[in-house]
Amino acid sequence: MPSTPIYLDHHSTTPCDPRVVERMLPYFTETFGNPAAITHEYGRRAATALEEARTAAADFLRARPNEIFFTAGATESNNLAIFGIMREAGDHMITSEIEHKSILAPAARLEAAGFEVTRLRPDPEGFISPAELAAAIRENTRLVSIMAANGEIGTLQPLSELAAVCREANVPFHTDATQAVGKVPVDVSEIECDLLSLSAHKLYGPKGIGALFVRRGVRFDSPMRGGGQEKNVRPGTVNVPGAVGLAAALEFRAREMATEAIQLTELRNRLWEHIVRSIPQTSVYGPRGLRLPGNLNVSFDRVEAEPLMHSMRRFSLSSGSACSSGDREPSHVLRAIGVSDTRAMESVRIGLGASTTQEDVDLLADDLELSVGRLRQIAGVR
Ligand code: PMP
């Protein structure tokens with residue numbers, strides 16, 4: 001048995017690539033200046049590094065550098081996007097039932113303050129319908145926010161079509177692309193979205209740094225006030241090592257993502273087939289195609305996820321979203337696609353990543369077969 005568990009929770013976070021860490025190191029000690037302190041060389045060097053990182057992030061997304069704002073991560077980007085656009089009580093926002101809590105909780109807060117919120121229901125595979133979005137847009141709709149990829153069931157939304165509906169109605173379109181960036185191509189020129197959130201720690205970069213893309217011309221009034229950094233979209237001394245790390249992570253992703261996506265899709269499908277073949281009464285959630293390469297979400301009838309994961313300690317797995325895995329509530333995503341609470345409590349999320357090998361997925365499938373069989377036997381199920 002390996003001494004450290006095999007990491008299969010890449011939707012929750014990813015290990016920081018050592019090449020990224022290496023790029024960041026000088027910005028903690030040598031080039032440590034405050035990029036706003038440009039009266040001296042220390043500050044100017046940091047400012048240069050920051051602007052290079054901004055250009056790299058913009059290049060990756062095919063945006064302009066002055067449309068990229070560094071934040072502390074996707075939760076902050078999502079909050080800024082929502083509160084920066086939604087201004088007057090009575091205004092209407094559209095989102096979906098399967099968003100991350102960093103969208104759903106700000107939306108609920110707006111609602112409590114007298115704004116109107118529509119949450120679109122996905123189809124059973126997790127897709128949001130552009131036609132249903134079009135029908136939900138009203139005269140007072142000020143923002144549409146639909147995630148690019150779901151971190152639980154892997155669904156990749158038809159972003160260009162959703163954005164086109166919004167453009168037609170002249171409503172800004174935001175996408176939380178936290179799970180998509182670095183895994184599948186995300187290009188703001190092609191999608192034609194107006195705002196986009198991302199986070200470095202999901203793409204082999206450091207924690208605590210992310211970005212918000214705001215298209216030039218979008219009327220945006222940040223809820224934050226401070227010293228004017230990041231054009232006041234996100235004031236506060238910028239995390240320069242983090243920004244350098246995010247840029248480096250994006251650079252490596254640009255080079256390696258396509259090959260990795262093919263490998264991960266193969267491994268994921270191998271695992272999927274192996275599990276379904278060897279374990280009776282298994283359900284798989286989310287679509288077969290148009291899915292995050294490394295994502296699989298399965299449940300085994302009459303076997304709760306918690307004891308199952310407990311019996312499979314040599315793997316790091318997750319039930320539902322890591323952010324809510326402490327509270328034992330059935331996943332809101334699975335509920336939204338029509339999965340019963342009983343099945344949802346049995347669901348296990350598997351997130352393959354750069355380090356995952358064929359041996360890992362074969363071991364996992366074998367262990368699942370054994371553990372599910374044992375737990376069913378204990379429970380008196382055949
Ligand atoms: N959005 C999505 C879709 C996510 O999966 C996550 C992370 N679980 C977040 C936002 C929040 O990201 P961060 O941890 O960078 O705040």
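The values are calculated or read from the model by the stated rules, or taken from the named source; none is laboratory data. Just so it is clear, the model here is predicted, and its values are computed rather than measured. All Cβ positions, glycine included, derive from the backbone under ideal geometry; neighbour counts span all protein chains shown. Side chains are part of the model used for accessible areas, which takes the heavy atoms of the whole protein and leaves out ligands, DNA and RNA. Shrake-Rupley method; radii C 1.70, N 1.55, O 1.52, S 1.80 Å.
Observations, loosely collected:
- Restricting the first member to region 201-220 and to residues that are modelled with pLDDT under 95, and the second to residues that are away from the ligand (no atom under 16 Å from the Cβ) and among the charged types (D, E, K, R), no beta-carbon pair is closer than 9 Å while six or more apart or on different chains.
- Conditions (1) out of contact with any strand residue (DSSP E or B) (no Cβ under 7 Å at 6 or more places or on another chain); (2) buried (at least 22 other Cβ atoms within 10 Å of the Cβ); (3) of a type in the set (Ser, Thr, Tyr): number failed by Tyr42: (2)
- Of note, Gly245 does not satisfy the criterion of being out of contact with any Phe, Trp or Tyr (no Cβ under 7 Å at 6 or more places or on another chain), of a type in the set (Gly, Ala, Ser) and part of a loop (DSSP other than H, G, I, E, B).
- Restricted to region 273-382, the set of helices (runs of 4 or more DSSP H) holding at least 3 residues that are within 16 Å of the ligand (Cβ to nearest atom), among the hydrophobic types (A, V, I, L, M, F, W, C) and at pLDDT 95 or above comprises 332-336.
- In the set Arg142, Arg119, only one residue is among the charged types (D, E, K, R), open to solvent by 40 Å² or more (accessible area, probe 1.4 Å), part of a strand (DSSP E or B) and away from the ligand (no atom under 16 Å from the Cβ); that residue is Arg142.
- In this structure, Thr71 qualifies as within 14 Å of the ligand (Cβ to nearest atom), in contact with a Ser or Thr (Cβ under 6 Å, 6 or more places away or on another chain), polar (S, T, N, Q) and in contact (Cβ under 8 Å) with a residue 12 or more places away in the chain.
- Restricted to region 145-173, and to residues there that are more than 18 Å from Leu292 (Cβ to Cβ) and polar (S, T, N, Q), the residue that is surrounded by the most Cβ atoms within 10 Å (Cβ to Cβ) is Ser145.
- All positions within region 213-240 that are open to solvent by less than 30 Å² (accessible area, probe 1.4 Å), under 19 Å from Pro35 (Cα atoms) and outside any loop (DSSP other than H, G, I, E, B): Glu230, Val240
- In the set Leu375, Leu292, Leu296, only one residue is open to solvent by 20 Å² or more (accessible area, probe 1.4 Å), touching a strand residue (DSSP E or B) at 6+ places or on another chain (Cβ under 6 Å) and at negative phi; that residue is Leu375.
- Sole exception among (1) part of a loop (DSSP other than H, G, I, E, B); (2) in contact (Cβ under 8 Å) with a residue 60 or more places away in the chain; (3) within 16 Å of the ligand (Cβ to nearest atom) for Pro124, by number: (3)
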